[in-house]
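Down below is the structure, laid out as structure tokens.
None of the figures in this text is laboratory data; all of them are computed from the coordinates on show. Since the structure is predicted, the reported quantities are computational estimates derived from the model, not experimental observations. Because the Cβ atoms are built from the backbone with ideal geometry, glycine has one as well, and the counts that use them run over all protein chains shown.
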């Protein structure tokens, strides 16, 4: 009898409970004891019948999948393979499943940096089965690769993973490996002869097209090859061995970019044709709905920023999403243009016609110009000054304008826009949707206006390359506003921020603008504050005094960088400045003083790399007008004692530098004289660009000199750069430096006369 009970128990079907979703050996007992213990027996019987019917339905229809259906649901090959393995492991059946070796060889279909990465299947080329593409690629010899141990491929892998931190590095290495094998069908040692084979390169791209490769995937191949060229150019050993390498790589990259524009245009035309035929295509207002729905939360966060409140990481991310959405859906920019926006682009923005024009130089296909309203500039400036620096931190440098919470440049704006729509439970729209809607609306305009819209959207390579004045960009942006039917309420939405900051009629930024904080200034009186429209309380007054106090504290500490000062020395300096109130006590300065960092700069790999490659970040060159000319501002917070950059140029004997000045006194401004031991030397930064960095305007030479209010101090050290001992002049911060502050260095401790000029020298 026990044996029969055991057999009956083993043969009983497992049924899942529809309430807790757990498998049960005896569902009726489970319902009575756990999920439905307070229900009647009739209700439990009814639930049991539903569970059994659901189990039969799943076994009959839902246990079997079709691999072709998975290809449609998951275009990304790696995700699809992972899901297939998981389904098989859980006992599912999959029809039309290819061999595992064939699955690995499937071409990658996604583009991780542009709209192709997130565009639905209706926006791509006519679908082809993976097997047909794979077979055609094999027949054309496009699947052959170099061994993974090839020297250049190993170095390229390290470049992608360590320097660029590319998550999908394996696909890029495979793309380059297949391309190089096509260009070099025989031999095991990889050569660089492909740099002179432009015709063969076009044949390779045509072969991909004949294999029914999607345009997005062909663009991925081109992007991978361009990154491989960047890797080759970054290798100094190759540049020394092949003097013409940089020039050859640049010419080859230009040729690839020209081909890429053709492929991009073909892809965009096919996308537009397929979607324009679709019923119910979204309009501009439909795509911009997310801006209206998310606006209340954005205004709340904006008000908290103005009041100086500490934001949660969720609010910081949401604020960044909204700023990105303004550029994508309001100004109709591609995700690549938003990702390519840098801190230097933001610093170089210009005011024109009531708007602010920004140029994005690192966009993938062409330079882009955007005309923001003053209100939108305020939003992005608040992000730039208050959220971005906290994401970057003081240890990790970043050039991108939009920075994620992990301190990296945002690399997928498309994903950010999908997340923003998901937060507010809206159907996601993409930049292609709103750009297509705008292009369709522009077809009703006269030819000149239609051409202006195409220029602003950079729909064609020719339009993007033409020079446009800032006023042309502003006119096109206003024309797009009229096409979108944007109202004054939409363009002036920041007017609502007046009510977001309760208890004050203006924010502290406006207060400081009206009453600038300076070392010598006096705080505004109550009458002055009220007459200017500010609250009569002491909130802004106290903040103004605290800001001045911090400035004076930094100023006093900056005068004692090498030795700890005595209280008497500090008191004498305070007396010389004539400060009567709101200054730190001499004993406080004595307590706060800290010696300069004792770390060895000579062994710091980050500094050596920055000197070698001139990859200093957190700095931007800015035009300060006709009188002052170009200068340098900080685009990230800099702490006292940080190494900021170097004064880069060719090191020559001081006598040679003095000889260069004869007859050309202006050259003295770009010569830095210093003494290293018993040697009198000079850094010649007059030649632009320098011989070792012909594509770079090094920032150090643009920093102004100052003997009264410097915030940087130069010092000499010897670094081993590329295996050679080199004399280097580095700048270190004398005090904490905030964003948008102009950098100026101490002009020298010794002045020597030569040809009637007083030359600055740095003596050790």
(request) Rank-order 169-181, 300-312, 575-587 by packing density, defined as the average count of other C-beta atoms within 10 Å over each peptide's residues, highest first. (result) 169-181, 300-312, 575-587
(request) Please work out the FRET efficiency for the pair residue 406 and residue 520, using the Cβ-Cβ distance as r and a Förster radius of 56 Å; give the result to the nearest 0.05. (result) 0.85
(message) Under a crude label model (7 Å from the Cα following the beta-carbon direction), how far is residue 539 from residue 604 in nanometres?
(response) 4.0
(message) For the stretch 515-586 and the stretch 615-630, what is the centre-to-centre distance using only Cα atoms, to the nearest Å?
(response) 28
(message) Compute the orientation-averaged projected area for the stretch 159-237 from the convex hull of its Cα atoms and round it to one decimal in nm².
(response) 5.9
(message) Can you bin every Cα-Cα distance in the stretch 539-678 into 10 Å intervals starting at zero and give me the percent of pairs per bin, rounded to whole numbers?
(response) 8, 23, 29, 28, 10, 1
(request) Once you have the Kirkwood Rh of the stretch 605-683 from its Cα pairs, apply Stokes-Einstein at 20 °C and 1.002 mPa s and quote D in µm²/s. (result) 143
(request) Quote to one decimal, in nm, the extra length available between residue 241 and residue 587 on full extension: 0.36 nm per residue of separation minus the C-alpha distance between them. (result) 118.6 nm
(request) Express in nm, to one decimal, how much length is gained between residue 580 and residue 626 on full extension, taking 0.36 nm for each residue of separation and deducting their alpha carbon distance. (result) 12.8 nm
(message) Order 38-49, 319-330, 714-725, 223-234 from most to least packed using the mean count of other Cβ atoms within 10 Å.
(response) 319-330, 223-234, 714-725, 38-49
(message) With only alpha-carbon atoms in the gyration tensor, what are the semi-axes of the equivalent ellipsoid for the stretch 503-592, in Å, largest first?
(response) 31, 12, 10
(request) Just grab the label-to-label distance for residue 718 and residue 14, each label 7 Å out from Cα along the Cβ direction, in nm (one decimal). (result) 7.3
(request) Apply 1/(1 + (r/R0)^6) to the Cβ-Cβ distance of residue 676 and residue 423, taking R0 = 41 Å, and write down the FRET efficiency to the nearest 0.05. (result) 0.10
(message) As an exercise, use a Förster radius of 30 Å and the Cβ-Cβ distance of residue 199 and residue 691 to find the FRET efficiency, rounded to the nearest 0.05.
(response) 0.35
(message) Ranking request for peptides 409-422, 56-69, 511-524: highest mean number of other beta-carbon atoms within 10 Å first, then the rest in descending order.
(response) 409-422, 511-524, 56-69
(request) Return the distance in nm (one decimal) between the two label points of a simple spin-label model at residue 450 and residue 90, each offset 7 Å from Cα along Cα→Cβ. (result) 5.2
(request) Just subtract the alpha-carbon distance of residue 76 and residue 386 from 0.36 nm times their residue separation and send over the number in nm, one decimal. (result) 107.9 nm
(request) Please report, in Å, the Rg and the Dmax of the stretch 601-762, where both are computed over Cα atoms only. (result) 15.2, 42
(message) Compute the distance from the alpha-carbon center of the stretch 390-448 to that of the stretch 56-77, in whole Å.
(response) 32
